1. For the range 141-254, please list each of the helices (runs of 4 or more DSSP H) lying entirely inside it that holds at least 3 residues being more than 16 Å from the ligand (Cβ to nearest atom) and farther than 29 Å from residue 110 by Cα.
2. Would you mind finding the one in 138, 118, 83 that is touching a residue at least 24 places away in the same chain (Cβ under 8 Å), buried (at least 16 other Cβ atoms within 10 Å of the Cβ), under 24 Å from residue 9 (Cα atoms) and away from the ligand (no atom under 12 Å from the Cβ)?
3. So which of 101, 72 is outside any strand (DSSP E or B), within 16 Å of the ligand (Cβ to nearest atom) and buried (at least 22 other Cβ atoms within 10 Å of the Cβ)?
4. Within the range 43-69, which residues are near the ligand (Cβ under 9 Å from one of its atoms) and buried (at least 16 other Cβ atoms within 10 Å of the Cβ)?
5. What are the pairs, 6+ residues apart or on separate chains, where a residue within the range 232-259 that is within 15 Å of residue 155 (Cβ to Cβ) has its Cβ under 7 Å from a residue that is modelled with pLDDT under 80 and crowded, with 16+ Cβ neighbours inside 10 Å?
6. Of these, 99, 112, 155, which one is closer than 22 Å to residue 15 by Cβ and either free of Cβ contacts under 8 Å to residues at least 24 places away in the same chain or within 17 Å of the chain's Cα centre (by Cα) (or both)?
Ligand code: GLN
């Protein structure tokens, strides 16, 4: 038990039965292990569709999924407003792909019609006349500023993406910065950050491939500037392998000339 905390860190995994298509449930396992390795107690709260969403957790995980289940998840979260209350109280959120889309202002359903999002992330997701974005996704070096201005050096972000929608960050939103390989948001940037809510197109699961992003979320959720370092040498080897594979386009389709000329 961490002397600084009297209670376990509570992590809510929202609707894995609706938003568990891409293995993002692994993010909860990564966070739980990184807390346990530091002797910090953790309580994973799994919330299935139709169940009440708690509004008192420290960290919320919303995964990726298909268009239909995504609409249902957005409807339940809009009706209860539990996630809005949690964010108002300072909770940290990681929202992956469909999760990011539903936390924004609007997103397309399976018929291409606009659905209202939760308005927690400053972005709009739209359908475009372009192929689905499928393949490895790699960013440049990322530094994220906490709401209080504290900078976190996250390094290159690596993962894979699989989405039809493209996301337009709002004027007030920050992003992870430039995409090196893949599509990301679709405008050459990846991710959307509003306050302590991080949205991203990275599957992988994202936190298994990007441990510094995991520690950023844990620092925000536990209210500290930084956590005790862990030995991530094995993960660094995995990261180097994935970065090389993406750069050699072993796993990612090469961008079309049309996309390169459009600068997207
Ligand atoms: N259904 C959404 C899209 O295709 C999100 C997909 C996902 O979560 N991977 O854009």
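1. Details: elements: 206-209, 211-222, 233-247.
Of the helices (runs of 4 or more DSSP H) lying wholly inside the range 141-254, those with at least 3 residues that are more than 16 Å from the ligand (Cβ to nearest atom) and farther than 29 Å from residue 110 by Cα span 211-222, 233-247.
2. Numbers: 138 fails: under 24 Å from residue 9 (Cα atoms); 118 fails: under 24 Å from residue 9 (Cα atoms).
After ruling out the rest, the residue left standing is 83.
3. Values: 72 fails: buried (at least 22 other Cβ atoms within 10 Å of the Cβ).
Answer to the check: 101.
4. Result: 63, 64, 65, 67, 69.
5. 246/252
6. 99
For every residue, the table says whether it meets (1) closer than 20 Å to residue 114 by Cα; (2) touching a helix residue (DSSP H, G or I) at 6+ places or on another chain (Cβ under 7 Å); (3) at pLDDT below 95; (4) not in a loop (DSSP other than H, G, I, E, B).
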| residue | (1), (2), (3), (4) |
| --- | --- |
| 30 | no, yes, no, yes |
| 35 | no, yes, no, yes |
| 43 | no, no, no, yes |
| 53 | no, yes, no, no |
| 86 | no, no, no, yes |
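The values are calculated or read from the model by the stated rules, or taken from the named source; none is laboratory data. Quick caveat, the model's predicted, so the values are computed rather than measured. In this analysis, Cβ positions are derived from the backbone assuming ideal geometry, glycine residues included, and neighbour counts consider all displayed protein chains.
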